[in-house]
Amino acid sequence: MRKTRGFVGFVPLPYQPENNDIPVKTPPTGFDALRTIAVSRIYLDNFDHITAYWVGLGLKLAQVALSYGADDLHGTIIEEHIFHMAGATSPQLQTEAEMIKAIREAGRTPVQRNTFYEPIKVWETAQTATEAEPPSNKSKVLEDNLATA
């Protein structure tokens, strides 16, 4: 049995108001989510890792959360159902290339990790051809500016 010395990580999941009996009608704001992550980083000093769960936050807000104390975006996830059944409108999956791009845009180094947050693979700062995104008909200027929001 592997020793974790306590908690391995904390994932503050944002409330989703649809399809449940809890009488709260609105989800937390982006500010609420970022504040929760920042306070979690300060108070939960016995947790080595704080996750900005992109499925609940959306990928753009999860990118910002990396500057508010989060050090993990969770993962690519093939198909997410629980948050979407509760009303989440985020995509149900992210590709590896999309996750790498989002992490780099946030000024961080992408690292694939195992359940215990041990590095499996580290992507260096230079993008490789296998990470390149497929061609898009979207405006590069618009995409670059949206990524910094």
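The values are calculated or read from the model by the stated rules, or taken from the named source; none is laboratory data. Here the structure is a predicted model, which is why all the values come from computation and not from measurement. All Cβ positions, even for glycine, are placed from backbone atoms using ideal geometry, and neighbour counts span all protein chains on display.
Can residue 61 be described as touching a helix residue (DSSP H, G or I) at 6+ places or on another chain (Cβ under 7 Å), among the hydrophobic types (A, V, I, L, M, F, W, C) and closer than 13 Å to residue 12 by Cα? Considered against the rule, which asks whether it is touching a helix residue (DSSP H, G or I) at 6+ places or on another chain (Cβ under 7 Å), among the hydrophobic types (A, V, I, L, M, F, W, C) and closer than 13 Å to residue 12 by Cα, residue 61 comes out as no.
The numbered conditions (1) among the hydroxyl-bearing types (Ser, Thr, Tyr); (2) surrounded by fewer than 18 Cβ atoms within 10 Å (Cβ to Cβ); (3) over 13 Å from the mean Cα position of the chain (by Cα) are all true for residue 40 except (2). Pairing each residue of region 104-124 that is over 20 Å from residue 59 (Cβ atoms) with any residue that is surrounded by 15 or more Cβ atoms within 10 Å (Cβ to Cβ) and acidic (Asp, Glu), provided the two are 6+ apart or on different chains, yields C-beta distances under 9 Å for 117/48; 117/71; 117/72. Restricting the search to region 21-42, which residues are of a type outside the set (S, T, N, Q) and at pLDDT 90 or above? 28, 30, 31, 32, 33, 34, 35, 37, 38, 39, 41, 42 - these are the residues of region 21-42 that are of a type outside the set (S, T, N, Q) and at pLDDT 90 or above. Just the residues that are at pLDDT below 75, more than 13 Å from residue 18 (Cβ to Cβ) and surrounded by 14 or more Cβ atoms within 10 Å (Cβ to Cβ), please, taken from region 78-103. Within region 78-103, 80, 90, 91 qualify. Taken together, the residues in region 17-50 that are free of Cβ contacts under 8 Å to residues at least 24 places away in the same chain and within 22 Å of residue 91 (Cβ to Cβ) amount to 4.
Look at residue 24 and say whether it is β-branched (Val, Ile, Thr) and more than 24 Å from residue 77 (Cβ to Cβ).
Values: β-branched (Val, Ile, Thr): yes; more than 24 Å from residue 77 (Cβ to Cβ): yes.
Spelling it out, residue 24 is indeed β-branched (Val, Ile, Thr) and more than 24 Å from residue 77 (Cβ to Cβ).
Are any residues in region 51-77 touching a residue at least 60 places away in the same chain (Cβ under 8 Å) and either assigned to a loop (DSSP other than H, G, I, E, B) or surrounded by fewer than 17 Cβ atoms within 10 Å (Cβ to Cβ) (or both), and if so, which ones? Passing the criteria: only 74.
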